[in-house]
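The values are calculated or read from the model by the stated rules, or taken from the named source; none is laboratory data. Keep in mind the model is a prediction, meaning the values are calculated, not measured. FYI the Cβ positions are ideal-geometry reconstructions off the backbone, even for glycines, and counts take in every protein chain you see.
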Amino acid sequence: MVSLKEFNYSELERWVRKQGWKKFRAKQLSKWIYTKKVRSFDEMTDLSKDIRNFLNKNSKLNVLSLASYEKSSEDGSIKFLWKLEDGHTIESVFIPERGHNTLCVSTQVGCAVGCKFCFTTTDGLIRNLTTAEIIDQYIQSQIFVGLDRRISNVVYMGMGEPLANYENVKKSVQILTDDRMLGLSNRKITISSSGIIHQIKKMYEDSTFPQVRLAISLNAADQGTREKIMPISETNSIHDLMETLNRLPIKTGYRIMLEYVLIKGINDRPEDAHNLAKLIGRHKKRYKVNIIPFNPFPGSEFKRPDKDTVEKFHKILWQYNIGAFVRWSKGADISAACGQLRKKEIDRLVKIV
Ligand code: SF4
């Protein structure tokens, strides 16, 4: 049974025509699903009973159900654990910020990339999410927090490597940015990748992939350190990655975000900050740097650097006139590391069994 959240607008029109209905039915369906965010076909009151019966029998709307959630008392962020139809679970995080609300979405169950500082990758990759499963994270979260607290920003930084699930991620971005569907601004969507070079190139060459912001999980300024914490670097070297990023045809105002998880004793020396500045070199206007002090999780071999070290690192980048910002994790009082809430639920189920 197909979920209607699986279709971009032209696919939805095609599907509607295939049922022998007029094209405007796509517009009606889109309004109910994406503007009104109804939970059932029976609420679509301007469709005939026959059409509603057909929809109930042959298609579905929702593909996620809420398994649990944790709300931070410190900053109001909410971490959702969603149950998929096959029983697997994924997470999304709602982050209220000054003037806007952001949702961090997952793109895979687990992840194959294997970054050493990441909790999600512990069990490897289980499967890609479908387009509907990505989009439903947005819709269900929006319903949960209330339609009056509009989620205007979406970051693909949850569980999984988005560019390893290229087609479904692309279609979800089409749905998010299409004015006839969710209608978010392209510049408010960020795709974060571990740096799979051929997929980054593909995305920029693909005229059907709406241009959105790109973030790269860099985390080191030299090949040796990066390989230690990000095995993907063995085949996607830091040199080739930066060469590619320096040449991408980015739009004005779409600076590439370099994410740098600062880990005690691994990549947090002043020398690392100087090396990072040198790596960026004359391309300062193309990048912003997000310094993210590591968020320890149970069993992790790494530690968070102290505040002084973080500030020193930050200051050095500013001395080079590089736009750098420190981002302390939101919701530090809840299971903040990506994948942690999911692991808690799995452990709970294992105990029950
Ligand atoms: S940081 Fe992202 S790409 Fe790396 S293992 Fe975790 S989920 Fe995968």
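Just a few scattered comments:
- Among the conditions (1) surrounded by fewer than 18 Cβ atoms within 10 Å (Cβ to Cβ); (2) of a type outside the set (A, V, I, L, M, F, W, C); (3) within 27 Å of VAL105 (Cα to Cα), ASN8 misses just one, which is (1).
- In the stretch 177-203, the qualifying residues are those that are in contact with a strand residue (DSSP E or B) (Cβ under 6 Å, 6 or more places away or on another chain) and of a type outside the set (Ser, Thr, Tyr), and the one that is nearest to the ligand (Cβ to nearest atom) is GLY195.
- Cβ-Cβ under 8 Å pairs, at least 6 apart or on other chains, the stretch 159-173 side closer than 14 Å to LEU214 by Cβ, far side acidic (Asp, Glu): LYS170/ASP206
- There is at least one residue in the stretch 285-294 that is assigned by TED's automatic domain parsing to the domain that holds CYS115, surrounded by fewer than 13 Cβ atoms within 10 Å (Cβ to Cβ) and under 26 Å from the mean Cα position of the chain (by Cα).
- Those residues of the stretch 42-67 which are surrounded by 15 or more Cβ atoms within 10 Å (Cβ to Cβ) and hydroxyl-bearing (Ser, Thr, Tyr), in sequence order: SER59
- Close contacts from the stretch 230-259, counting a first residue that is in contact (Cβ under 8 Å) with a residue 60 or more places away in the chain and a second that is more than 16 Å from the ligand (Cβ to nearest atom) and assigned to a helix (DSSP H, G or I), with Cβ to Cβ under 8 Å and a gap of 6+ residues or different chains, come to GLY253/ARG187; TYR254/ARG187; ARG255/LYS285; ARG255/ARG286.
- Candidate set: the stretch 80-128, residues that are of a type in the set (A, V, I, L, M) and in contact with a Leu (Cβ under 8 Å, 6 or more places away or on another chain); chosen: the one nearest to the ligand (Cβ to nearest atom): ALA112
- Single residue of the stretch 232-242 satisfying the filter (out of contact with any Gly (no Cβ under 6 Å at 6 or more places or on another chain) and assigned to a loop (DSSP other than H, G, I, E, B)) that is farthest from the ligand (Cβ to nearest atom): SER237
- Residue in the stretch 116-125 that is touching a strand residue (DSSP E or B) at 6+ places or on another chain (Cβ under 8 Å), assigned by TED's automatic domain parsing to the domain that holds GLY299 and at positive phi present: yes
- Scope the stretch 73-112; condition among the acidic types (Asp, Glu) and crowded, with 24+ Cβ neighbours inside 10 Å; matching residues: GLU91
- Lone qualifier among GLY265, GLY299, GLY323 - being surrounded by fewer than 18 Cβ atoms within 10 Å (Cβ to Cβ) and in contact with a strand residue (DSSP E or B) (Cβ under 6 Å, 6 or more places away or on another chain): GLY323
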